Amino acid sequence: MAGAFAAALESGPPDEDLLAAARSGDREASEQLLARHQPWILNIARRMLWRKDDAEDATQEILIKIWKALPGYRGESAFRTWLYRIAVNHILDMRRRGWDVASPRRSFDERTRLLADMPDGDLPDPRTVPVPIEILVREAGIACTTGVLLCLDGRQRLVFILGEILGATDQTGAEIVGVAPANFRQILSRARRDLNQYLKGSCSLVEPGNACKCAKKTRAFLERGMLEDGKLQFAADYKRRVRDVVEARSDELAQAHDIFQSGIFRDHPFYESPDPVAMARKALAALSPDLLS
């Protein structure tokens, strides 16, 4: 695996060494192996599922599923490819609140109408909300642009997250998704085109003259329950942005007419649970002793 996505996973012992130690009963190696991949699984799940609680639940389920499947790993593909295939297939098979994750949550036209039906309004009185207004507006912007991804079908969404946001190469992304590199590029191109068309026509983060502005929609988002001012899902205190974690692919993106959309999504937080090792331990604790030996 090459590229930004893979490079960010290279610190510490190789996966294969941790895997061998884990299979021999080394609990610390087991925790380290799962904890290494947990943040990336979580970040894929957050963008595929939108809701923080759903993504965290899915990540926990995936860690357990990976460990249960380890006896069946025969080395026919790279370990990381095998691991992430389990993760993305689990997510694509999910249903949440009547929504089949492999399908779009709604169409771009439906989303346009949804936002148009929300009246513009002044920002809330700072004395009535428990977080600074600028954080609340940022929450609205990240929630909205993350929600745009849900207008893509599941495979397009996954390919865009891997290739455009997390910086996976065509080869790596294709191996995870289970398609040829040429097909991966085609799917990514269509996802870029669809997002480009919508964002340029609707989002003021892309075209300042567009009517839909985060600050003007924040009050409506609050009133409709799409934001919870006391429980931030997206703009809570975070250490890193996606762009701080993945390498910039300036040679490729400089040629892309839609470079702006990479900037929008890579300025989103890189989501991290407070303690990836604790999540790994929780997953291992859910397994029976015979699966850990």
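What to note about this one:
- GNM top mover of V101, V242, V129 - the chain, alpha-carbon springs below 10 Å: V129
- Taking 15 Å as the straight-line reach from the Cα of K213, the aspartates and glutamates in range (excluding those fewer than 8 positions away in the same chain) are D117, D120, D122, E134, E139.
- Relative contact order (%) - criterion: Cα under 8 Å, at least six apart; region: the stretch 4-292: 27
- Alpha-carbon centroids, the stretch 80-157 and the stretch 26-49: separation in whole Å: 22
- Placing pseudo-labels 7 Å out from each Cα toward the beta carbon at D120 and A20 gives an inter-label distance of 6.4 nm.
- Within straight-line cross-link reach of K65, lysines at Cα separation under 27 Å, skipping those fewer than 8 residues along the same chain: K52, K282
- Multiplying the residue separation of A211 and W99 by 0.36 nm and removing their Cα-Cα distance gives an extension gain of 37.4 nm.
- Inter-label distance, nm, simple model (7 Å from Cα along the C-beta direction), S77/K239: 3.1
- Highest-MSF residue in the chain out of D244, D54, D117 [GNM, Cα springs under 10 Å]: D117
- Among P104, P71, P269, residue whose mean-square fluctuation peaks in a GNM of the chain (springs only between Cα atoms under 10 Å): P71
A short reminder: the numbers here are calculations on the coordinates, not readings from a lab. Bear in mind the structure is a predicted one, so any value in this text is a computation, not a measurement. Reconstructed Cβ throughout: ideal geometry from the backbone, glycine too, with neighbour counts over all protein chains shown.
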